[in-house]
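What follows is a set of notes on a single structure, which appears directly below.
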Amino acid sequence: MTDRLRVCAVDELDPGTSMTVAGTSPAIALHRTEGGDFFATADSCSHEEWSLGEEGDLEGDELVCPLHMARFDLRSGKPLCLPATLALATYHVVVEGGEVFVAAT
Amino acid sequence: MDVVKILVVGTSVAGTRTAQALRSRGFDGELVLLGEEVHLPYDRPPLSKELLAPDASDEAPLLVPRDALDALELRLELGQRATSLDPRSRVVTTDDGSEHPYDRLVVATGADARRLPGTDGLGGVHTLRTWDDARALQQALPAARSVVVVGASFIGAELASAAAARGTSVTLVEMQPVPLAHVLGPEVGGRLAAIHEESGSTLLTGVGVAALEGDAHVTGVVLTDGRRLPADLVVVGVGAVPRTEWLEGSGVVVADGVRCSEDLRAEGVDDVWAAGDVARRTHPLDGVDGRVEHWTNANEHADVVAASITGGPAPPPAPPYVWSDQYGHRIQIVGRPALGALVHVAGTLGGGDLVAAYADPTGVLVGAVVVDDPRALMRCRKAVTRRAAWTDSGLVPATA
């Protein structure tokens, strides 16, 4: 079954920024695009252990790891350039009543 | 004709990533990855960093996990050094005399660490480029009492940092008045280099090496100003030379690297591409003609080459980017600081808060140096890519 984890209120995450969701293992990162959409992915870059919630950079609907500049599609988690070759896990996000929830299995 | 066989010469980042990118882009023909080193493709950045720590692994850090490498379904021809190219018959010959035909060739032979002339065969003198180099240093460092590092750019600084972490102080000898001045200018170069003295190492600048002393094993370094430094371990980090000697006479145009078009086709012959440290082109973002010896550049080149060979869309160009880990801090550099003038600098490397911005005469950010702040680095990277004003890069708070 799928648990729904409350992450934060909508206005607690600024557009164009990311955060690591507390208490998730493996860690999940929540992202909010400049356009206001929320996405959730694995927290670590798939190339090398590095927190994308803490330090990932959003460019439109893409997520860039600041260590080696691997890029990922926020929607699918798919890698868009080397050195990443593996997709990030993605998680369903629900926004309800001004609160953001992530479906953590 | 159909491309049925692609030969990639060079098994480091550029070559291996090219093989990966070709498969990602759907090339399903015969793929051969050939190189001089006997090791499976490994990653180089850790060699001068964590792999010099006292508890470091004695296994090479694989660039691609074994199962992912197997999944590429390529033929690895290790331990074979390419010695000549005949582009008319499309054959590469290796040092054992064997011939390797191709339909498309990718030159990814990289660069060799530059050595001090006349020091071959002298024990205790090292360079740091390959896994074998790193293994030799792993074994030499614990016993070393007097370490001299020639060159205080990134390799030299990382080596000094690794030695300091072992409690071994080193003396760095740098030809320029300030390390990295040619890349970052004297102000920022000085702020980075100060950490050596703070960490117990000695930095001598504006002086070169005249000779090394010792019969079988090095005992000292004689400087150009006549000083003599005792030494039982010397590490030379004075740049790299592109590996193009095997292309002589082939028709491939070589001038400090393989001269290439924007999509990395080698000039002078058909069906040959180049990638990584050995490839020279005009950079599609900043127009600078030259080689870029950065790890990320090799990754980018790999996909540019794969796109060109397979006829797919080229990846978006990215500004040059390099990082260095020293004394527990991470230095990140984006763009080309040398193309601009220093317009903002604050902080130090030791304080973990250095930021520096370089702009062209119109105020456009062309390069930045950031320590321990990846988010700031990424803001600068965006600004460099979009040719934004440095004042809009977020490095300094907007003034009212």
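Values in this text are rule-based calculations from the coordinates and carry no lab data. Please read these numbers as outputs of a predicted model, since none were measured by experiment. Here the Cβ is made from the backbone with ideal geometry for all residues, glycine too, and neighbour counts use every protein chain on show.
Multiply the residue separation of A:S76 and A:E59 by 0.36 nm, subtract the distance between their alpha-carbon atoms, and state the gained length in nm to one decimal. Please report the intermediate quantities before stating the final value.
Values: separation 17, 0.36 × 17 = 6.12 nm, distance 1.50 nm.
Between A:S76 and A:E59, full extension yields an extra 4.6 nm.
Calculate, for B:S261 and B:R25, the FRET efficiency according to 1/(1 + (r/R0)^6) with r their C-beta to C-beta distance and R0 25 Å; round to the nearest 0.05.
On the way: r = 19 Å, r/R0 = 0.75.
E(calc), rounded to 0.05, equals 0.85.
Taking every Cα atom in chain B, find the radius of gyration and the maximum pairwise distance Dmax, and write them in Å.
Answer for chain B, Rg first and Dmax second: 21.9, 71 Å.
Quick one: putting +1 on the C-beta of Lys and Arg, -1 on the C-beta of Asp and Glu, what dipole do you get for chain B around its Cα centre, in Debye to the nearest 20?
Working: 35 positive and 52 negative charges, 198 e Å.
Roughly 960 debye, rounded to the nearest 20.
From a point 7 Å beyond the Cα of B:H182 in the direction of its Cβ, which residues of region B:141-171 have a backbone N at a distance under 20 Å?
B:149-160
Which percent, to the nearest 5, of DSSP beta bridges fully inside the protein assembly as shown are antiparallel?
Percentage antiparallel, nearest 5: 70.
Residues in region B:287-313, backbone N under 20 Å from the label point at B:V253 (7 Å along the Cα-to-beta-carbon vector): list them, ranges by number please.
In region B:287-313, the label zone of B:V253 (backbone N under 20 Å from the point 7 Å along Cα→Cβ) covers B:287-292, B:305, B:308-309.
Can you tell which of B:G97, B:G237, B:G35 shows the greatest fluctuation in a Gaussian network model of chain B with Cα springs below 10 Å?
B:G97
Can you pull the one-decimal nm distance between simple spin-label points at B:D58 and A:A87, each 7 Å off the Cα toward Cβ?
According to this spin-label approximation, the distance is 4.2 nm.
For region B:155-256, run through the GluC sites (Glu not before Pro) and keep only the ones in DSSP coil with at most 16 other Cβ atoms within 10 Å of their Cβ.
Details: sites: B:E158, B:E174, B:E187, B:E197, B:E198, B:E213, B:E245, B:E248; in loops: B:E248.
Here the sparse-neighbourhood loop sites are B:E248.
Placing one identical point scatterer on every Cα of the protein assembly as shown and ignoring solvent, what is log10 I(q)/I(0) from the Debye formula at q = 0.10 Å⁻¹?
-0.85
Report the gain in length on full extension from B:E198 to B:R227: 0.36 nm times residue separation, minus Cα-Cα distance, nm rounded to one decimal. Could the numbers behind the result be given before it?
Working: separation 29, 0.36 × 29 = 10.44 nm, distance 2.30 nm.
Length difference between fully extended and current span is 8.1 nm.
Restricting attention to region B:106-159, which trypsin sites (Lys or Arg not before Pro) occupy a DSSP loop and are surrounded by at most 10 other Cβ atoms within 10 Å?
The qualifying sites are B:R145.
Once you have a ≥ b ≥ c as the square roots of the Cα gyration tensor eigenvalues for region A:4-103, tell me rounded if a/c is under 1.5, and otherwise prolate or oblate according to whether a/b is larger than b/c. It would help to have the intermediate numbers written out before the result.
Working: a/c = 1.93, a/b = 1.57, b/c = 1.23.
It comes out prolate by the Cα gyration axes.
So if I restrict to the alpha-carbon atoms in region B:288-327, what is the Rg, and what is Dmax, the biggest pairwise distance, in Å?
That works out to 12.5, 45 Å for Rg and Dmax.
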